[in-house]
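Only one structure is covered here, and it is reproduced in the block below.
Bear in mind these aren't lab numbers, they're just calculated from the coordinates by the rules spelled out. Note that the structure is predicted; figures quoted are calculated from it, not measured. Quick reminder, even Gly has a Cβ in these numbers, built from the backbone with ideal geometry, and neighbours come from all protein chains shown.
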Amino acid sequence: MARIGVFICHCGENIGRTVDCAAVAQESAKLPGVVVSLDYKYMCSDPGQQMIKNAIAEQKLTGVVVAACSPRMHETTFRRAAAEAGLNPYLLEMANLREHCSWVHEDRPIATGKAVDLVRVMVEKVKRNRALYPIQVNVEPTAMVVGGGIAGIQAALDIAAGGKKVILVEKSPSIGGHMARLSETFPTLDCSQCILTPRMVEAASHPNITLMTYSEVEAVDGFIGNFEVTIRKKARYVDPAKCTGCGSCYTKCPQKKIPSEFDALLGKRSAIYTPFPQAVPNKPVIDAEHCTMLTKGKCGVCKKICPRDAINYEDKDELVKVKVGAIVLATGFELWDHSKYGEYGGGRLVDVIDGFQFERLASASGPTAGEIRRPSDGQVPHTVVFIQCCGSRDEKQGMAYCSKICCMYTAKHAMLYRHKVHDGRAVVFYMDIRAAGKGYDEFTRRAIESDGAEYVRGRVSRIYRRADGKLIVRGADTLAGRPVSIEADLVVLADAVVPRKGGEKLAQMCGVGYDTNGFYSEAHPKLRPVETAAAGVFLAGACQAPKDIPDTVAQASACAAKVLGLFAAPKLEREPIVARVNQNLCVHCRACINTCPYGATQDREIKDRQGNVVKVVAEVNEGLCQGCGTCVAICRSNAIDLDGFTDEQIFAEIATLE
Amino acid sequence: MVANINEIQSAAAALLNEGKVKLVLGYRVRGNDRVPAFVTQADQVGCLAYDSACTQNLAAYLRKGEVRSRMPLAVVARPEVMRSLMLLTAESQIAEGQVTVLAVDEQGFHGVLDLAGTAKLLNEQYARIAPDSSLMEQLAKIEAMTPQERSAFWSEQFEPCTRCYACRAACPGCFCERCIVEMNTPQWISTAAESHGNFAWHMIRAFHQAGRCVECGACQDACPQGIPLMLLNHFIAREVEREFDARNGYDPQAEPVIGSWKQDDKQEYIR
Amino acid sequence: MTQATTQTETKAEGFEPRIVAFVCNWCTYAGADLAGTSRLQYAPHVRIVKLPCTGRIDPLFILKAYEGGADAVLVSGCHPGDCHYTSGNYHARRRWTIFRRLLSLAGVEEGRLFFSWVSAAEGQKFADLINDVTAQVKAAGPFKHNPARRQAW
Amino acid sequence: MKTLEATKLADLAAALTAAGYRVIAPCQRGDQVHLECYQAGKTLRADVIPVNSAKDALFPRSEVIGRYRFEGNEFETVPVAPQAGKTVLLAVRPCDAAALAPLDAVFNWDYKDEFYNAHRDATTVVALACTAADDQCFCTSVGGSPDSTANADAVLRPADGGKRFILESLTDKGQAIAAAGQAVLTEGQAQADPPAQVAPAFDSAAVTAWAKDGFDSPLWKELSLACMGCGACAYTCPTCHCFDIQDEATRREGVRLRNWDACGFGLFTKHAGGHNPRHDQASRWRQRVMHKFAYFPERFEMLACTGCGRCGRLCGNGMSIREVCSQIEQAAQAGVK
């Protein structure tokens, strides 16, 4: 016989104000099977929890309903309390009286009536709950980090420092990411490469880190602790084991006019190339699209010149399978394509550039060796207009959100320009200056006050090129309340930060959600900012939202802490909400096997004592099962059920609503 | 009777004589009825008959233990029955080597085929089997009714249902070890032959045919009470084809229609 | 005619519809939580049955709710592509597409079965949805011709 | 002699309805004829054997036999009286009327079934003598005849080449029918049509005798190969009387229902532990035959088959008890065990 305890929480005034908790307790006491029904100011408080524990012990409860806030808030708390009192935690359910009732209804009698219903539904459910026990799964103590920018490098280094193995997967030929392309960094103006390259080298040489550059994740199977990842190692056409990185090949390569991605298309590279001199690994790859040997079978210079015979034109993509226990996604960002803004030239004006292009112009290792020269004619620009919020905070044509880093890097750009071109004029159009961060506001102030950047509050309505080559920038100074028109030599657009194209595919492979903009979704916006909905998959850096370097590094280290925490024990306990097949009823139509998103339902041969196969049925691998229950609903004879959400429980819930 | 009935008989005899099958599942004549024949000896093949009155779907027997124990066997199969065999293959109930097909249609016998050959024949010769036009007309009439009229129409149709499950027994696709209607913890569908139980039963029976029914008509033929089950079956098959571009029982490797998905499946009704 | 008028009057005045909602834990339930934390007020007639995923929703659930006399059923989960379990909602969608058509053929009238995607971030959408569904069902009145309804024993 | 014009059968039904009877009569439904409750506008068909038997009127397919209510942890039962209104089975065949004997016997055996008897007492049987039979009819092989008046309170005999019926009242209940239908009946003379010729199909005594030792016969497997295990035969049979007790409840109240059940279903004898003594269809078909031709005669000295032929006529899989019994008789003659 069921002995159910019902505990109604007032949540201070949060529930109590609109729900008559005492009345709900009284009504609940009348429900069949309820032996104790109490209300209390704060159930989640120590005395509240003690109340539940005492009742479990004294009344020998077989099930508990806590009617309080959302189970997302305190289910764990109360289940732990139940466990401490000796009741299996899965014999406790919560009725959501706060988020789903008191906060959304004002009429006290109506809210109270609904509250009674909500409790009754859960009482009927909990009567049919079974004791469940956590599922233990082995954990493969190796992590995979996807993305070799500063986020990925930091996460990998921290995990490696914790003594666990890391596979760092980077799709381009070198790690380093966007940070390697920056000239200086705000707010200290220290040289980006100077602080980054030691980390890159450390990552490459760390005994716990396996670098897989020029590689992409092809498929992710498995689950937390036991992911099986297929990685495509793209053909490099250069054997990294033989190559010493001497550079003869790319010096001699006749194809030299390929726009360099690293230089934001402002510089050129050869067909066999390393993206930049400090690349890690410093081993070139052949760009199969542009190499005439690979496209037309003509040339072969690099092979002839290579002293180590490291060139292999027959190289093929290779699929490598690795087993990892955790995945860190650090795929970073790219810039929004401003050609959507017709009023800014629609991408056709060569002297209207983006932030990365400016970084390369300002970088000592860039195409202009650090001199600010405009792309069209290589002249030093005397007036540079910087436009913030290009594509950000624009629901109609661009992105609705603030890209967070543009105020700071625009200030930096203006400063760098003024440091390099002393008589130059730097004009910054801004909507607001968002400079929250340590030393940030001081930095923007310095740009304005010490470095003479002219800040104009307002939007630019149009940019066009006059016959003499001048860019005419027309806009409004909303503080002065007048239109402005500036004759500029160069315009730098602070394009919105957007996630990497195609990132959805990786998210879907991993079971990670993403928002409408394509940024990966964290498990909780406040309390679980690095976890995702997919257990064992974590987020670092700008793939989750626009971030600057310090925030990115902090999140990457947080990921490492999460991964190391996961790897701390050889086994992991998982929620026992899994599907089960009744093998007597299963007729092996394989609908569930086709359906399972995790490949958790599998064929299972039932054998007699002689080892003959008597029949084949479906079986659920509880390590793989995530408990969605899709197989349960697909099974025509209901031969599968889902622990925690059994047919019997749901039937009782629906019946209770009659 | 089809003209070349002798060819069916001699093909059956040859299969039995050569030991390729232990049983030939076919039809025989009993008065005005056509009833199944279970031929195990070559000298019995003379009873085998086939004409358009042979409407029972013999593929249903492939779930019956007493019949399965006599595999490999041969089945006299018209196109709809062949489609059932494709469905049973796709749902891993039968495999190549277990079932040989004696292909027939109203014109007569078309040879002895394995399951792969059957799939080929089906797709080449019977890719489009036009649904009964009177069925389509009746459906159009029902769809033109108001919801209240439809509700009343079906309650009138389901009223005589005694829940004998002859429809289920006649259907090759109803091969569950235990039907959902027989599950009792919890009992989703009332077993009382009354309004709500009958409604739920017929809804779920029809729904479980989604992406599976080959429209052989055996269920409706088997129904002692004359319930127009084919209206529901045809409706579901039509919707499945319209929504998911899927036609049932043509591909022995088909993924289940309900149990697979496409990202761009229509969803105009979801807000 | 007179009778019809009387019915309209009663449904306008005293009709409090019973609406059963089947929602997934990760999106719509969380969206309802957000409606709560945002203190968005909405009609109190809907009773939620929480499932891990819309993929878990068996058409039998919907029938059972009607059998028990629900005036309407609402089903809601994660937007396509957002399923916590990657594809449960796609599976669910296929099922619904056919099952709702079947129910419609059987006489379940328009406005008795609602489907929606509500994400965890769409508290406002959840509140609007509940209000709209409730208003529609109220306007339609009690589900008199419910073909699935259990008759009095 | 009371006569009724053939075209006025529905008028008689209407008159009886007006007199307060629930009239169960052969009504046109689609292209079938069903024994169902007559309502104005329905067409009656005396020329076709209805697909279902009359037993639904006495032993409904689903009947409330108990009620209870819940209030919190409290529970109370509510007494249920049989809902048995005055009923007439109008123009049912002699084989349907004959079926009342085995039903009466089994429902008054070791326990007097309150519900069945209430229906039975309230029921008047107006049989319709058969002047035509089809190839599934075999009443004459099981002790019946096409013009038998057994268990009938009155009988309608087709007369004058089917133009009219002669109504013969056999009991007081039958007299009451004649009285209630007076307005549509005529006093006059008519020549009864000859009864149908139903050729004997098998010797039931031979079947009963063979069955005594036939329990373990391998023949059952062959005889039942076509059976797919539905309940069509049992549910259309006028004598099959197995039932299942089911409870259905909401959180406020519940009912105990008596629903038809059938020995052909695999679950019929399945034990909770999973064992099934009748593990295959052969053993279920054996039960069907044995019950009707061996066990029932043993207990009640009568067969539980009236030869109506419905099971053979309606089986979607070509099973026929008539054919099976003939095959058993042949086996018996050939000395096959």
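The table below lists the values:
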quantity	calculated
Translational diffusion coefficient (Stokes-Einstein; Kirkwood radius from C-alpha pairs) of chain A at 4 °C, 1.567 mPa s, in µm²/s	45 µm²/s
The protein assembly as shown, Rg to Rh (Cα coordinates; Rh as Kirkwood inverse mean 1/r)	1.07
Label-point gap, in nm, between D:GLU253 and A:GLU573 - each point 7 angstrom along Cα→Cβ	4.8 nm
Linear extension gain, A:TYR133 paired with A:ARG308, 0.36 nm per residue minus alpha-carbon span	57.1 nm
Coil-residue trypsin sites (Lys or Arg not before Pro) of region D:115-212, DSSP, other Cβ within 10 Å capped at 14	D:LYS163
Most positive-pole-ward Cα, B:VAL75, D:ASN52, C:ALA35, against dipole of the protein assembly as shown from beta carbon charges	C:ALA35
Equivalent ellipsoid semi-axes - Cα gyration tensor, region A:579-658, angstrom	26, 14, 10
FRET efficiency estimate (nearest 0.05) - Cβ-Cβ, A:ASP377 to B:SER52, R0 60 angstrom	0.10
Gap separating the Cα centres of region D:16-90 and region D:301-332, nearest whole Å	27 Å
Ratio of the Cα radius of gyration of region A:331-438 to 2.2 N^0.38 Å, where N counts its residues	1.09
In degrees, nearest ten, helix B:195-207 long axis to first principal axis of chain B (Cα)	60 degrees
Debye log10 I(q)/I(0) at q = 0.13, 0.17, 0.18, 0.20 Å⁻¹ for region C:26-96, Cα point scatterers	-0.42, -0.71, -0.78, -0.92
Label-point gap, in nm, between A:GLU289 and B:MET71 - each point 7 angstrom along Cα→Cβ	5.3 nm
Span from the region A:375-445 Cα centroid across to the region D:206-284 one, whole angstrom	84 Å
Lys/Arg +1, Asp/Glu -1 at C-beta; the protein assembly as shown dipole; positive extreme among A:LEU566, A:SER37, A:THR601	A:LEU566
Cα convex hull of region B:34-123 - mean projected area over all directions, nm²	5.7 nm²
Average partner coverage of D:52-60, which counts Cβ from other chains inside 10 Å	1
Mean projection area, nm², convex hull over Cα of region A:410-509	9.5 nm²
Sparse-neighbour loop sites [chymotrypsin sites (Phe, Trp or Tyr not before Pro); region D:177-240; at most 12 other C-beta within 10 Å; DSSP]	D:PHE215
Kirkwood-Stokes translational diffusion coefficient of region A:4-127, alpha-carbon pairs, 10 °C, 1.306 mPa s, µm²/s	116 µm²/s
Qualifying lysines (Cα of each under 18 Å from Cα of C:LYS64; at least 8 residues distant if same chain)	A:LYS125, C:LYS50, C:LYS144
Test item: D:25-35 mean partner chain Cβ contacts at 10 Å	2
More than 34 angstrom apart: percent of Cα pairs within chain B	22 percent
Gain on full stretching of the segment that runs from A:ASP221 to A:ALA161 - 0.36 nm per residue minus C-alpha separation	18.9 nm
GluC sites (Glu not before Pro), loop per DSSP, at most 15 other Cβ atoms within 10 Å - longest free stretch of chain B	B:107-267
Mean Kyte hydropathy of 1.0 or more with a Cα span along the axis of at least 24 Å, helices from DSSP in chain A	A:549-567
FRET efficiency, 1/(1 + (r/R0)^6) with R0 35 Å, evaluated for A:GLU395 and A:HIS419 via beta carbons	0.45
DSSP loop trypsin sites (Lys or Arg not before Pro) with at most 16 other Cβ within 10 Å: longest gap in chain C	C:40-143
Cβ charges +1 (Lys, Arg) and -1 (Asp, Glu), total dipole of region B:70-200, debye	240 debye
Anisotropy class of region A:248-305 from Cα gyration tensor, a/c 1.5 cut	oblate
Mean residue ellipticity (222 nm) of chain A, computed from DSSP H runs ≥ 4 via -39,500 (n - 2.57), nearest 500	-8000 deg cm²/dmol
Cα pair distances in region C:17-140, grouped into 5 Å bins until the bin that holds the longest one, percent each	2, 12, 23, 24, 21, 13, 4, 1, 0
For region D:21-73, convex hull volume per residue from C-alpha positions, Å³	146 Å³
Chain lengthening between A:ARG580 and A:ASN621 when straightened (0.36 nm per residue, less Cα-Cα)	13.9 nm
Lys/Arg +1, Asp/Glu -1 at C-beta; region A:248-305 dipole; positive extreme among A:VAL280, A:VAL301, A:TYR250	A:VAL301
Hull volume in cubic angstrom per residue (convex hull over the Cα atoms of region D:1-116)	166 Å³
Rotationally averaged projected area of region B:130-248 (alpha carbon convex hull; nm²)	7.7 nm²
Computed magnitude of the charge dipole of region B:179-271 (debye, nearest 20; Cβ of K, R +1, Cβ of D, E -1)	120 debye
Modelled label reach - A:GLU84, point 7 Å along Cα→Cβ, region A:33-62 residues with backbone N closer than 11 Å	A:45-54
For residues of A:643-654, the mean tally of beta carbons on other chains within 10 Å	6
Separation of the D:TYR111 and B:GLN107 label points, Cα + 7 Å toward Cβ, nm	6.2 nm
Helix axis angle, C:88-106 relative to chain C longest principal axis, alpha carbon, degrees	10 degrees
Trypsin sites (Lys or Arg not before Pro) restricted to region A:219-275 and DSSP loop, no more than 15 other C-beta within 10 Å	A:LYS242, A:LYS256, A:LYS257
Above-threshold pairs, the threshold being 23 Å between Cα atoms, out of A:LYS171/A:LYS571; A:LYS60/A:LYS127; A:LYS127/A:LYS615; A:LYS242/A:LYS316; D:LYS2/D:LYS55; A:LYS340/A:LYS420	A:LYS171/A:LYS571; A:LYS127/A:LYS615; D:LYS2/D:LYS55; A:LYS340/A:LYS420
Two-site FRET efficiency, A:GLU504 against B:GLU149, from Cβ-Cβ distance with R₀ of 60 Å, rounded to 0.05	0.80
Intensity falloff of region A:114-223 expressed as log10 I(q)/I(0), Debye formula with alpha-carbon point scatterers, at q = 0.20, 0.22 Å⁻¹	-1.06, -1.17
Size of charge dipole - region A:248-305 - debye, nearest 20, with Cβ of Lys, Arg +1 and Asp, Glu -1, no other charges	360 debye
Rg/Rg_globular for chain D, with Rg_globular taken as 2.2 N^0.38 Å and Rg from C-alpha atoms	1.06
